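To start, the structure under review is shown below, and the notes come after it.
The values are calculated or read from the model by the stated rules, or taken from the named source; none is laboratory data. Source: prediction; values computed, not measured. Heads up, the Cβs are rebuilt from the backbone with ideal geometry, glycines too, and the neighbour counts pull from every protein chain shown. Just so you know, the surface numbers come from the protein's heavy atoms only, side chains and all, with ligands and any DNA or RNA stripped out. Shrake-Rupley method; radii C 1.70, N 1.55, O 1.52, S 1.80 Å.
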Amino acid sequence: MLSLLKAQAGWLALGVGDGLAPFLAAVIGGPNWPWCARKRILVSAAAGAVAGLAVLPVVPLPAALAVAAAGTVADSLPL
């Protein structure tokens, strides 16, 4: 049961963080990532933070912080 909650939290973070990133990009400016000129550092950080906040009711705080960090890194990739 616990692993099912973790999987659901991962999908929730992916859906919320990745889904809001284009809308956040319209509002937030900032410098681009050196390896991906299409994406901005502050937008990736904000999307990661939103993803971490979205999973906070489901997982403990350290796991939500890990989700936020992973979301920031994942959003910075040139995919």
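A few notes on this one:
- Residues that are in a helix (DSSP H, G or I) and either more than 13 Å from the chain's Cα centre (by Cα) or of a type in the set (D, E, K, R) (or both), drawn from segment 45-62: 61, 62
- For segment 1-53, a residue qualifies if it is of a type in the set (Gly, Ala, Ser), closer than 15 Å to residue 79 by Cβ and open to solvent by less than 50 Å² (accessible area, probe 1.4 Å), and the qualifying residues are 17, 21, 44, 47.
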